[in-house]
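Since the structure comes first, as C-alpha cells, the remarks are kept for the end.
The values are calculated or read from the model by the stated rules, or taken from the named source; none is laboratory data. Here the structure is a predicted model, which means the values were calculated and not measured. Neighbour counts are summed over all protein chains in view; Cβ atoms, including those assigned to glycine, are modelled from backbone coordinates with ideal geometry. Areas reflect the complete protein model, heavy atoms only, side chains present, ligands, DNA and RNA absent. Shrake-Rupley method; radii C 1.70, N 1.55, O 1.52, S 1.80 Å.
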Amino acid sequence: MKLDSLSSFASKLGNSLASLVKVVLLSKGASIANDEGKGKELVIMGNGPSLRKTIDEEFDWLVSHELMAVNFAALSPDFFRLRPRYYILADGHFFNSLDKDSNVRKLWETFGKVSWRMTLLVPSRFKHLVKPLIMHTQGLPLRYFNLTPVEGFKWLSHFFYSAGLGMPRPRNVLIPAIMEGIRMGYSRIYICGADHSWIKTLDVDNENFVVSIQPHFYKDNEEEHKRVRETYKGLKLHDVLGSMVVAFRSYWNIADYAKKKKIEIINATPNSMIDAFVRRKF
C-alpha cells in the first residue's frame, strides 16, 4: 500500500512539474475571467447527431438560453435561427487552412454575416492567425483561452484552471467550451449534442487503416469526409482509443472542478457516452 501511495505521489509530482513547464512555455494572453454569466444558464451545443432532434423538438427552450456553438455548426442553416451568444474554435485547422479547405473558408465567410451579438472564443496560441481573419467578420468580439493541458496535484491544476492558464487535456472542443463557460461564471451549464458515440463508429478496414465516421446533426460534404479520412490515415487503433480515454477522463476532471466552483453541469444529450455529468431531460 505504501509503495502504491509513493508511486501515485511520484506520478502526480512529475505531472505537476511537467504542467508547470507547459504553462510557462505555452500559456499567454487569456481573457480575464468575468461574471458575465453569473446567475444565468448556458447551453453548449455539440455537433453530435442527437442535436438534430433537440433543435426540432426543443427549439423554443434552446433559444430562451444563451447558446454556445462549436466547429462547423455555422455551416448549418440552423445557425441563423439559433443565433448563438458564443462560438468556440479550438483546432488549428480553422485558422491555417483557409486556402486549403473550402469549408473553413465558408465558415469565416458565414461569420461575416452575423448580425447579432456573438463572441468568438479562440485559443491564444492562434491569436496571430485570427487577427487577419477577423477583419472580414464585421469586428466580432474575441475572447482568448489557453489550450495548455495540465495534470498532477489537484490543487495546482485547479489554480491553473481558475487563472485561465490551462485546462484538462483538451481532446476535443467540448472540453474548452465547458471550461470557458465555467470561467464566465454560468451557474448551470447544459450540454446538448454530445453523443460521443465514437466507439460505435470505429472500425479497421482490410488494409489496417483505422476508420472513424463521426456523424453530425448536419450532413457533412465529401470534402469534410475526405479531410477526416486523411486525419486518421496512419493512426494506430491503440492511439485512437487512447485519445478517447483522455477525453472521458478530462470530463471527470471538469466535473470535479465544477463541483468545487458550485457550478452545475447537466448532460441533456440522449444516449450520450459521457458518464461524468448529471443527466437530465429538458
**Request:** For T110, state whether it is in a helix (DSSP H, G or I), closer than 27 Å to P270 by Cβ and of a type in the set (S, T, Y).
**Result:** no
**Asked** Applying the selection to segment 99-128, what residues are exposed (fewer than 13 other Cβ atoms within 10 Å of the Cβ) and among the basic types (K, R)?
**Response** K100, K113, R117
**Message:** Tell me the residue from L42, L67, L51, L62 that is under 20 Å from P270 (Cβ atoms) and touching an Asp or Glu at 6+ places or on another chain (Cβ under 8 Å), please.
**Reply:** L42
**Request:** Name every residue in segment 256-282 that is buried (at least 19 other Cβ atoms within 10 Å of the Cβ), small (G, A, S) and at pLDDT 95 or above, in order of residue number.
**Result:** A258, A268
**Message:** Can you find, within segment 218-231, the residue that is least open to solvent (accessible area, probe 1.4 Å) among those that are modelled with pLDDT of 65 or more and not in a helix (DSSP H, G or I)?
**Reply:** N221
**Request:** Quickly run through segment 20-30 and pick out the residues that are outside any loop (DSSP other than H, G, I, E, B) and open to solvent by less than 70 Å² (accessible area, probe 1.4 Å).
**Result:** V23
**Request:** Could you look through segment 171-205, keep only residues that are of a type in the set (S, T, N, Q) and modelled with pLDDT of 85 or more, and pick out the one that is farthest from I44 (Cα to Cα)?
**Result:** S197
**Request:** Starting from segment 234-247, take each residue that is farther than 16 Å from Q214 by Cα and list its partners that are open to solvent by 60 Å² or more (accessible area, probe 1.4 Å) and not in a helix (DSSP H, G or I), counting only C-beta distances under 7 angstrom and pairs at least six apart or across chains.
**Result:** V246/R169; V246/R171
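Could you please find all residues in segment 269-282 being within 17 Å of I55 (Cβ to Cβ) and within 16 Å of the chain's Cα centre (by Cα)?
Within segment 269-282, T269, S272 meet the criteria.
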**Asked** Is there any pair with a first residue in segment 98-115 that is closer than 14 Å to A73 by Cβ and a second that is in a loop (DSSP other than H, G, I, E, B) and among the hydrophobic types (A, V, I, L, M, F, W, C) whose Cβ atoms are under 8 Å apart and which are 6 or more apart or on different chains, and what are they?
**Response** V104/L98; W108/L98; F111/L140; V114/L140
**Item:** Residue check, K22 over 30 Å from G193 (Cα atoms) and in contact with a strand residue (DSSP E or B) (Cβ under 9 Å, 6 or more places away or on another chain)
**Value:** yes
**Prompt:** Just checking, how many residues over segment 130-172 are part of a helix (DSSP H, G or I), farther than 20 Å from R85 by Cα and open to solvent by less than 50 Å² (accessible area, probe 1.4 Å)?
**Reply:** 6
